[in-house]
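Accompanying notes for the structure given below.
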Amino acid sequence: MSKPSRNLKKSDILSLGILLLLAIIVLLPLIIVFLTSFAPSSAASETTSPQNWSLSNYSNAWERGKFLLAFWNSTLVALAVTAFQIVTSALAGYALARLKFRGKQALLLIVLATLVIPFQLLVIPIFLVLKWGNLINTYGALILPTAVNGFGIFLLRQFFLSIPVELEEAAALDGANRLQILWQVMLPLARPALVTLFLFTFIGEWNDVFKPLVFTTRPELRTVQLALAEFQEQFTNNWSLMMAAVTISTVPVMVLFLIGQRQFIQGIASTGVKN
């Protein structure tokens with residue numbers, strides 16, 4: 001009886017060692033960026049000596065890059081797009097999962113087809129529509145083009161299909177209509193999918209540089225990624241300052257992902273009905 005347990009321990013140690021090695025390989029570039037951001041500007045290569053570390057790079061990068069306004073713009077745009085996508089994806093996903101109407105499968109195929117069309121191919125017609133609506137150089141130009149997303153619709157549709165129909169039937173017997181069933185029954189059970197969609201959308205919008213670059217020219221609409229690109233052009237040879245700016249722009253989404261990951265795990269553990 002002792003040999004199997006001993007072999008199991010050896011296999012666990014081997015698996016843990018491989019996972020740690022892979023984690024180090026993945027995290028190594030981030031560690032280098034983080035350490036370099038603390039190095040003095042005149043000695044960016046001396047990142048391993050704690051006595052040389054300084055927080056001055058962060059304050060200098062924040063002031064020179066004017067990241068305060070950029071953070072506000074990126075946060076506003078990312079939250080607005082995320083809210084639009086959650087609402088539209090929940091409504092469309094529920095309709096495609098539960099409602100019966102003519103052309104349902106064709107509509108689903110159209111939604112799936114949008115997943116394989118790059119956004120860059122649609123930039124010219126989108127630009128013309130925004131120009132016709134006088135939305136160029138406004139927040140609307142940064143929000144409306146991605147307010148609806150096929151990935152979110154398909155994600156929520158698939159999750160709604162996994163929820164037992166008996167729950168909706170019970171709510172309907174209590175007098176609930178379709179919107180009440182969606183709001184009070186389906187969405188609470190779909191919390192893992194909603195958190196996943198929130199993370200994907202918010203992080204994608206935060207890291208987006210294409211829309212602000214094409215649809216805006218006003219400095220007051222500059223987002224974090226545009227501010228970071230301009231900062232890198234100005235301080236190409238100052239690696240410590242550049243890495244501090246990269247860290248500033250990355251930390252918010254990393255913190256958000258860690259918070260969302262915990263909520264995601266709790267949602268999976270506390271929601272759903274097993275058949």
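Of all the numbered requirements in (1) over 19 Å from residue 80 (Cα atoms); (2) aliphatic (A, V, I, L, M); (3) modelled with pLDDT of 90 or more; (4) within 21 Å of the chain's Cα centre (by Cα), residue 186 misses one, and that requirement is (4). What about residue 169, is it acidic (Asp, Glu) and more than 22 Å from residue 112 (Cα to Cα)? Considered against the rule, which asks whether it is acidic (Asp, Glu) and more than 22 Å from residue 112 (Cα to Cα), residue 169 comes out as yes.
Taken over the range 118-150, residues that are within 18 Å of residue 80 (Cβ to Cβ) and aromatic (Phe, Trp, Tyr) amount to 2.
Go through the range 69-109 residue by residue and tally those that are exposed (fewer than 11 other Cβ atoms within 10 Å of the Cβ) and more than 26 Å from residue 191 (Cα to Cα). Looking only at that region, the number is 4.
How many residues, within the range 128-145, are in a helix (DSSP H, G or I) and either in contact with a Pro (Cβ under 7 Å, 6 or more places away or on another chain) or surrounded by fewer than 16 Cβ atoms within 10 Å (Cβ to Cβ) (or both)?
So the answer is 6.
Residue count for the range 152-180 satisfying the condition of being more than 25 Å from residue 105 (Cβ to Cβ) and within 30 Å of the chain's Cα centre (by Cα): 1. Is it true that some residue in the range 26-37 is at pLDDT 85 or above, touching a Pro at 6+ places or on another chain (Cβ under 6 Å) and on the phi < 0 side of the Ramachandran plot? No, every residue in the range 26-37 fails to be at pLDDT 85 or above, touching a Pro at 6+ places or on another chain (Cβ under 6 Å) and on the phi < 0 side of the Ramachandran plot.
Okay, residues lined up against (1) in contact with a Lys or Arg (Cβ under 8 Å, 6 or more places away or on another chain); (2) modelled with pLDDT under 90; (3) within 27 Å of residue 193 (Cα to Cα); (4) of a type in the set (A, V, I, L, M, F, W, C):
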{"residue": "109", "(1), (2), (3), (4)": "no, no, yes, yes"}
{"residue": "126", "(1), (2), (3), (4)": "no, no, no, yes"}
{"residue": "129", "(1), (2), (3), (4)": "no, no, no, yes"}
{"residue": "132", "(1), (2), (3), (4)": "no, no, no, yes"}
{"residue": "140", "(1), (2), (3), (4)": "no, no, yes, no"}
{"residue": "144", "(1), (2), (3), (4)": "no, no, yes, yes"}
{"residue": "159", "(1), (2), (3), (4)": "no, yes, yes, yes"}
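The residue of the range 230-275 that is nearest to residue 55 (Cα to Cα), among those that are at pLDDT below 75 and aliphatic (A, V, I, L, M), is 265. Can you spot a residue in the range 81-99 that is assigned to a helix (DSSP H, G or I), among the aromatic types (Phe, Trp, Tyr) and closer than 30 Å to residue 219 by Cβ? Yes, because at least one residue in the range 81-99 is assigned to a helix (DSSP H, G or I), among the aromatic types (Phe, Trp, Tyr) and closer than 30 Å to residue 219 by Cβ. Going by the conditions given, is residue 62 farther than 25 Å from residue 154 by Cα and either assigned by TED's automatic domain parsing to the domain that holds residue 182 or of a type in the set (Gly, Ala, Ser) (or both)? Criteria not met by residue 62. Note on the range 189-216: residues that are surrounded by fewer than 20 Cβ atoms within 10 Å (Cβ to Cβ) and modelled with pLDDT of 90 or more total 7.
The values are calculated or read from the model by the stated rules, or taken from the named source; none is laboratory data. A quick note: this is a predicted structure, and the numbers were derived from the prediction, not measured. All Cβ positions, even for glycine, are placed from backbone atoms using ideal geometry, and neighbour counts span all protein chains on display.
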